[in-house]
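The values are calculated or read from the model by the stated rules, or taken from the named source; none is laboratory data. Keep in mind that this is a model prediction, so the values were computed, not measured. With ideal geometry, Cβ positions are generated from the backbone for all residues, glycine too; neighbour counts draw on all protein chains shown. For the accessible areas, the whole protein counts, side chains as well, though only heavy atoms, and no ligand, DNA or RNA atoms are used. Shrake-Rupley method; radii C 1.70, N 1.55, O 1.52, S 1.80 Å.
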Amino acid sequence: MIRFLILFGFAYLFLHLHLTGDISKYINMRYGYLSFLMIFIIGFMAVYQLVKWNMEGSKQHHTSEKALFGHDHSHENNTWWKKTVTYVLVIFPILTGLFLPVATLDSNIVRAKGFHFAEIDNDKDQYANHQILKPDTSQYYESSTYKKMLRQDMEKYSQLNQLDLNDDNYLRALEAIYNYPGNFTNKHISIMGFVYHGDALQKNQLFLFRFGIIHCIADAGVFGLMVQFPHAVTYKDDTWIRAQGTLSETYYSPFKQTIPVLKVNAWHQVQKPKSPYAYRKY
Amino acid sequence: MFTDSFLQLNTIFISIIIEAVPFIIIGVFISAIIQMFVSEALLARIIPKNRFGSVVFGTCMGSLFPACECGIVPITERLVRKKVPLQAAIAFMLAGPIINPVVLFATYIAFGSSWQMVFYRAGLAFAVSIAVGLLVSYLFPEDQLRDYVDKKVSHYHHHEANQPARRITFFDRFKGTMDHAVDEFFSVGKYLVFGALIAAAMQTYIKQSVLLSFANTPVTAILIMMVLAFIMSLCSEADAFVASSFRSMFPPGPLTAFLVFGAMVDIKNLIMMLSTFKKKFVAALIGCIFVCVFVGALLISGGWL
């Protein structure tokens, strides 16, 4: 019976996450179909357990089946406390998944994941990509196709005088900016992200980041722009800000190179968006 | 009541669970199907008798299975029970998560459509599986471990020799498969939960930047990347993308170490291996893998490969 409940719990957890849409706060929806399938497969396993339990009562081992096949069930769940440990452990994610609020990755994780400015130095490797600031989807295309796409993106995004970084174009447009910063100089750009104070920043500078997700939250990385305000600001880490301004470049000493910087002329604090992450699309 | 960092830990934990459960389910069903439909006699017939042959065979079998490192442990345990030689099963377990089309394609894509890392990764994985398989076969006499695995199965009745009068219908087999899959889901599931919990805690509380600051010689860089791979416990399908983000910091040697070691040993599958094999055996196994990956990565770093 307890097995039925646990299996049912897992199926319900997946169902719940899909229905509320919270699943997108855990994994890239590109892989959503896998967890969606789990609702049915685990659900089926649960129903199977229920039917079996009904037909056989609480008898653990069905004798005819035991005679038919090598019976090696329950090989380690033989004592009551081992069983208890198993069930408690397996129930744990169901409970915390259903009842604890979904947290959003924030600057704590940026720090833990090692926002290691100091080591980033691509002098020795011209092809090095700075995943941390600059999304590099060269990963997804053959190099010639990739270059063509980059150029197309660049043309597409730099054509207009105004570029808004939103959920859909966030990673690709940022990539175009990092690859062809010259083409975006003096363009108007708007970006939304959470505040992160990196090393060696002036009082009027900070980073605006969003987490980009490949597969699941465990492999998230941060992407964004350095922004520079006309005067010193005192925003705390993790404050969400929408800012717009014109793009230029500045030398950033921890990177030992120039990076794009957004000279902001208008900005305001905003609520954390409903979908705080940017997802990789192939 | 709960601190922010605990909630973030929980979020990472749940995300690892959600990511891994589909692969665990695939793993337990494959394992159950092997249990129900593949006989020991068949396996005994197709697996080469000699040591080297069986290790190579195990590695090649692993290449055919698109399983990731957590899904493969239950399959491996099943194979050992089905009297597959231990060294072949271990080679299978090590090669499976790395040498398969899905993972290699992800690696190819992640490294800017270059074959170099794919070549290093597959090559080193292949070499390590064979080397470790052979080492295991010399270090651990077959019977010793088999006793252990068999003993765990306290009432393992072996009835396949005397077939019962009633014919085994497809329905019986289906029922058997379901039973095995459910049982295995529980026995593997608890280790997944435990491993994912530790991995999530490590990701939340350990500062990778501190670790990385030690990585300034080839030797320490390789060691650090192996530790990192162990801690992060990424699925072998996703780890290439994370590894490629370290490209600006590390040459191919340490990256290959990350990609090979992480897919063979990490926190969640270590816990799962401990449930299947003797502690001493797991320790020796990880020691062998560690040394082999380290040496291989060093050779790549040194430009000898």
ask   = Do any residues in the stretch B:189-202 that are more than 12 Å from residue B:234 (Cα to Cα) have Cβ atoms under 6 Å from those of residues that are small (Gly, Ala, Ser) and open to solvent by 10 Å² or more (accessible area, probe 1.4 Å), where the two are at least six apart or on different chains, and which pairs are they?
value = B:191/B:275
query = Which helices (runs of 4 or more DSSP H) sit wholly inside the stretch B:2-104 and have at least 2 residues that are touching a strand residue (DSSP E or B) at 6+ places or on another chain (Cβ under 9 Å) and closer than 29 Å to residue A:216 by Cα?
reply = B:4-37
ask   = If you go through the stretch A:187-221 one residue at a time, how many are closer than 15 Å to residue A:173 by Cα and at pLDDT below 80?
value = 1
Matching residues, the stretch A:193-204, being under 19 Å from residue A:230 (Cβ atoms) and open to solvent by 20 Å² or more (accessible area, probe 1.4 Å) = A:197, A:201, A:202, A:203, A:204
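Yes/no per residue for (1) open to solvent by less than 10 Å² (accessible area, probe 1.4 Å); (2) away from chain A (no Cβ under 14 Å); (3) under 27 Å from residue A:10 (Cβ atoms):
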residue: B:4; (1), (2), (3): no, no, yes
residue: B:31; (1), (2), (3): yes, no, yes
residue: B:42; (1), (2), (3): no, yes, no
residue: B:57; (1), (2), (3): no, yes, no
residue: B:61; (1), (2), (3): no, yes, no
residue: B:81; (1), (2), (3): yes, no, yes
residue: B:86; (1), (2), (3): yes, yes, no
residue: B:91; (1), (2), (3): yes, yes, no
request  = List the number of the failed condition for residue B:108; all other conditions in (1) of a type outside the set (S, T, N, Q); (2) closer than 15 Å to residue B:236 by Cα; (3) away from chain A (no Cβ under 14 Å) hold.
outcome  = (3)
ask   = Within the bounds of the stretch B:268-277, is there any residue that is surrounded by fewer than 19 Cβ atoms within 10 Å (Cβ to Cβ) and out of contact with any Gly (no Cβ under 8 Å at 6 or more places or on another chain)?
value = yes
request  = With the condition kept exactly as written, say whether any residue in the stretch A:242-260 is in contact with a strand residue (DSSP E or B) (Cβ under 8 Å, 6 or more places away or on another chain) and under 22 Å from residue A:22 (Cα atoms).
outcome  = no
inquiry  = Quick check on this structure: which one of B:160, B:184 is at pLDDT below 80, of a type in the set (Asp, Glu) and within 19 Å of the chain's Cα centre (by Cα)?
reply    = B:184
ask   = With respect to residue A:95, is the statement that it is within 23 Å of the chain's Cα centre (by Cα), at pLDDT 75 or above, open to solvent by 30 Å² or more (accessible area, probe 1.4 Å) and not charged (D, E, K, R) true?
value = yes
inquiry  = Looking at the stretch B:204-217, can you tell me whether even one residue there is more than 9 Å from chain A (Cβ to nearest Cβ), touching a helix residue (DSSP H, G or I) at 6+ places or on another chain (Cβ under 9 Å) and at pLDDT 80 or above?
reply    = no
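How many residues does the stretch A:13-51 contain that are open to solvent by 10 Å² or more (accessible area, probe 1.4 Å), under 24 Å from residue A:104 (Cα atoms) and touching a residue at least 40 places away in the same chain (Cβ under 8 Å)?
Summing the residues that are open to solvent by 10 Å² or more (accessible area, probe 1.4 Å), under 24 Å from residue A:104 (Cα atoms) and touching a residue at least 40 places away in the same chain (Cβ under 8 Å) in the stretch A:13-51 gives 7.
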remark   = Note on the stretch B:88-135: residues hydroxyl-bearing (Ser, Thr, Tyr) and in contact (Cβ under 8 Å) with a residue 12 or more places away in the chain are B:107, B:120, B:129
query = Of all the residues that make up the stretch B:248-274, how many are farther than 13 Å from residue B:227 by Cα, within 14 Å of another protein chain (Cβ to nearest Cβ) and touching an Asp or Glu at 6+ places or on another chain (Cβ under 7 Å)?
reply = 2
query = Looking at (1) among the aromatic types (Phe, Trp, Tyr); (2) more than 25 Å from residue B:136 (Cα to Cα); (3) open to solvent by 10 Å² or more (accessible area, probe 1.4 Å), which is the one condition that is false for residue B:13?
reply = (3)
key: Test result for residue A:252, open to solvent by 30 Å² or more (accessible area, probe 1.4 Å) and either without any contact (Cβ under 8 Å) to a residue 60 or more places away in the chain or farther than 26 Å from residue A:160 by Cα (or both)   = no
